[in-house]
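Only one structure is covered here, and it is reproduced in the block below.
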Amino acid sequence: MTIGIGGSTAEIELEKLKSLAPTMPGISIEEYQARINKATELMSANNIDAVYLNAGTNLHYFTGTKWYASERLVGALLTKNGSVTYIAPHFEIDTLRQHMVIEGNVQGWHEHESPFQCCVDTLSDIVPNCKTLAIDESTAFFISNGIQKVANNLELIDAKPVTAGCRMQKSDHEIAILQTAMNMTLEVHKAVAKILRVGITTQEVEAFIDQAHRAVGATSGSYFCIVLFGQDSSYPHGVKTPKSLEQNDMVLIDTGYQLHGYNSDITRSYVFGEATDKQRKMWQVEKDAQIAAFNAAHIGKPCGVVDIAARDFLTSQGLGPDYQTPGCPHRTGHGIGLDIHEWPYLVRSEQTPLARGMCFSNEPMLVFPQEFGIRLEDHFYMTEQGAKWFTEPAHSISNPFGYPQSEK
């Protein structure tokens, strides 16, 4: 049996878990203001008069205001001089004010009125002769289209140079939040591996993972969870009807949670029982591809070189080429922060230079159709000296978590 896999129960492992609930604060008003200041610099550099931030992670990032997108327009106008004005349904104004960190005036619209006209009229009041409005790239089409229809002589462009331009490079505090979240999820991975048994269902495992996240201090539990056994592990994001665990199945577990809105996201793959020679060999190839990607990450190099390094290594091992399977059917990794997948991406076409504070997943998954899949996913962030792991990669297929032999 693989070391650290099976042999215990949910009750025992939950009892052993200790709260790692952080004492660190969330993002301060001063840091939100620094983000706004940087955004105004980027707006000036890109000839942008104002940015529309829709409800969601961009609104949260710049103002601290947590509000979820719906069929009703809720957002904020950030002007080139750094002012923030909110747009919201009139009946939501008092509630919206309770969620504000960066305060600002709120322009309300009633249900029979056009929220798009409210947005344009407000913009003309706060930015006279506004020529260019950048739209948060996550904004639904009905909102951008509605604004465009009522806007006279107003050019709508993509806000990504501002939103991504700020969010791609994390502050030291953001990195500290991500580090704590990753540490907590790794402890959950260690615990869940020990409760596996023949016949356990994916639903049982998912329920335990949620409980375990709460036990280590994640008050809202798991943010997401993928649990796959045997042949199901060859489907990167799961199957419609997952199977229960059988002896000698490949196990793939991908999970995470949110701390102050920032995501953890770790995947481990191992065998419950005895691995075949092919599984042992390919597990090591997966790990070596992950290391090749990590070693290629250097400040100033295009993000794409990380993906190329992983894929070139896999090709040298007779896998692929490109996205063909057996091999890696998707990019090597993604940025992470308030969104679990955000810019920039580790894909060969990405020319954005690697820079200090960028944070990425590293997961060049191997898929062997109708047999099994192996995904080892850890994250790293860029320092002036190069890439640094948030969590160290899995140790080996026989001892994924690197336990001393005495802790079998």
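The values are calculated or read from the model by the stated rules, or taken from the named source; none is laboratory data. In this text the structure is predicted, and so the values were computed from the model without any measurement. Backbone-built Cβ (ideal geometry, glycine too); neighbour counts: all protein chains shown. Side chains included, ligands, DNA and RNA excluded: accessible areas come from the protein's heavy atoms. Shrake-Rupley method; radii C 1.70, N 1.55, O 1.52, S 1.80 Å.
Taking region 17-31 as the range and being surrounded by 13 or more Cβ atoms within 10 Å (Cβ to Cβ) and at pLDDT 95 or above as the test, the residues that pass are LEU17, ILE27, GLU31.
Picking from VAL127, VAL101, VAL120, which residue would you name as being free of Cβ contacts under 8 Å to residues at least 60 places away in the same chain and not small (Gly, Ala, Ser)? Break it down stepwise before answering.
Numbers: VAL127 fails: free of Cβ contacts under 8 Å to residues at least 60 places away in the same chain; VAL101 fails: free of Cβ contacts under 8 Å to residues at least 60 places away in the same chain.
Residue meeting the stated conditions: VAL120.
You will find that of SER144, SER70, SER138, the residue that is among the hydroxyl-bearing types (Ser, Thr, Tyr), surrounded by 16 or more Cβ atoms within 10 Å (Cβ to Cβ), under 31 Å from the mean Cα position of the chain (by Cα) and farther than 19 Å from ILE36 by Cα is SER144 and no other.
Selection within region 253-297: residues that are in a helix (DSSP H, G or I) and among the β-branched types (Val, Ile, Thr). The member of this set that is least open to solvent (accessible area, probe 1.4 Å) is VAL285.
For region 147-159, a residue qualifies if it is open to solvent by 90 Å² or more (accessible area, probe 1.4 Å) and out of contact with any strand residue (DSSP E or B) (no Cβ under 6 Å at 6 or more places or on another chain), and the qualifying residues are LYS149, ASN152, ASN153. Residue-level check: of (1) in contact (Cβ under 8 Å) with a residue 60 or more places away in the chain; (2) surrounded by 19 or more Cβ atoms within 10 Å (Cβ to Cβ), CYS225 misses just (1).
Quick check, is GLU246 surrounded by fewer than 21 Cβ atoms within 10 Å (Cβ to Cβ) and in a helix (DSSP H, G or I)? Spelling it out, it is not the case that GLU246 is surrounded by fewer than 21 Cβ atoms within 10 Å (Cβ to Cβ) and in a helix (DSSP H, G or I). Of all residues assigned to region 179-193, at least one qualifies as being open to solvent by less than 50 Å² (accessible area, probe 1.4 Å), within 30 Å of ALA355 (Cβ to Cβ) and in contact with a helix residue (DSSP H, G or I) (Cβ under 8 Å, 6 or more places away or on another chain). For the residues GLY318, GLY402, the requirement of being of a type outside the set (Asp, Glu), closer than 24 Å to MET184 by Cα, part of a loop (DSSP other than H, G, I, E, B) and open to solvent by 20 Å² or more (accessible area, probe 1.4 Å) singles out GLY402.
Which residues, counting only those in region 202-216, are polar (S, T, N, Q) and open to solvent by less than 40 Å² (accessible area, probe 1.4 Å)? So that I can check it myself, show each step before the final result.
Initial filter on region 202-216 (polar (S, T, N, Q)): 202-203, 211.
THR202, the sole residue that qualifies.
In region 32-52, which residue that is part of a loop (DSSP other than H, G, I, E, B) and out of contact with any Lys or Arg (no Cβ under 8 Å at 6 or more places or on another chain) is surrounded by the fewest Cβ atoms within 10 Å (Cβ to Cβ)? I'd like the intermediate steps shown before the answer.
Narrowing region 32-52 to residues part of a loop (DSSP other than H, G, I, E, B): 46-49.
Remaining after also requiring out of contact with any Lys or Arg (no Cβ under 8 Å at 6 or more places or on another chain): 46-47.
Values: ASN46: 16, ASN47: 12.
Within region 32-52, the match that is surrounded by the fewest Cβ atoms within 10 Å (Cβ to Cβ) is ASN47.
If you go through region 351-389 and keep only what is assigned to a loop (DSSP other than H, G, I, E, B), in contact (Cβ under 8 Å) with a residue 40 or more places away in the chain and surrounded by fewer than 19 Cβ atoms within 10 Å (Cβ to Cβ), you end up with GLN351, THR352, ALA355, ARG356, GLY357, PRO369, GLN370, GLU371, GLU384. Here region 325-345 is the region considered, the condition is being assigned to a loop (DSSP other than H, G, I, E, B) and under 11 Å from the mean Cα position of the chain (by Cα), and the residue that is farthest from PRO161 (Cα to Cα) is ILE340. Within region 85-113, the set of residues being under 19 Å from LEU154 (Cβ atoms) and open to solvent by less than 50 Å² (accessible area, probe 1.4 Å) comprises THR85, ILE87, TRP109.
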